[in-house]
Amino acid sequence: MMRIWHKWRVFLHAAIIATFFAISFVGCQLYQEALRNDEHTEVYMSATRKVEILNQLRTEAVILATNLNLVSPEKFPPNDATVFLIDIFISQDSSDPDKRGLFNPIYTLLLDGMPPRDIIRLNRDELIAHNIPHISPWGEYFLVFFERPYAPIMQLEVLREGLERVTLRFAPSKAEEVLKRF
């Protein structure tokens, strides 16, 4: 009886050790896949700029702007218009849903001094359709179209009534290399 129990214990120990190693290898593989370079995300992040509008030491708004001409040149050809995806969070935003985000009358958006041709509010499902890698739960999303064709150096300005303007500068980057392929 003792001999059977001893064999059973050895088998259990071997099974536990084998399970531990199997889980470790699977975990390492998943970790490596998570850290693998994703070209779409890399281009998306290099085409994105972030700025905060401050009122003394309080954050009034957080704006992330992504140049979609660089991220998706097949959907947004650079010679048609300059297109941005804007993620905006305003701490004291309007309670009226039609005046939230970029439709808030105290905020103005300009590209090299020119106002947008069109601003379209996006819902969460539309963001997934546009293959956006990072979606914040608190921001409001907009597609913003400017008349002028894409230029390698641009300044997107956000003005908040009563405060200084903030500027997001877009200059040649790694995303430009991707654009040259098209």
Practice problem: Sort the following peptides by mean Cβ neighbour count (other Cβ atoms within 10 Å, averaged over residues), highest first: 111-124, 57-70. | Solution: 57-70, 111-124
Quiz item: Of all the accessible heavy-atom surface of the stretch 48-168, with the other protein chains kept in place and a 1.4 Å probe, what percent is carbon and sulfur?
Solution: 53 percent
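The values are calculated or read from the model by the stated rules, or taken from the named source; none is laboratory data. The shown structure was predicted, so the numbers you read here are calculated from the model rather than taken from an experiment. Heads up, the Cβs are rebuilt from the backbone with ideal geometry, glycines too, and the neighbour counts pull from every protein chain shown. Calculation scope for accessible area: heavy atoms of the full protein, side chains included, ligands and nucleic acids excluded. Shrake-Rupley method; radii C 1.70, N 1.55, O 1.52, S 1.80 Å.
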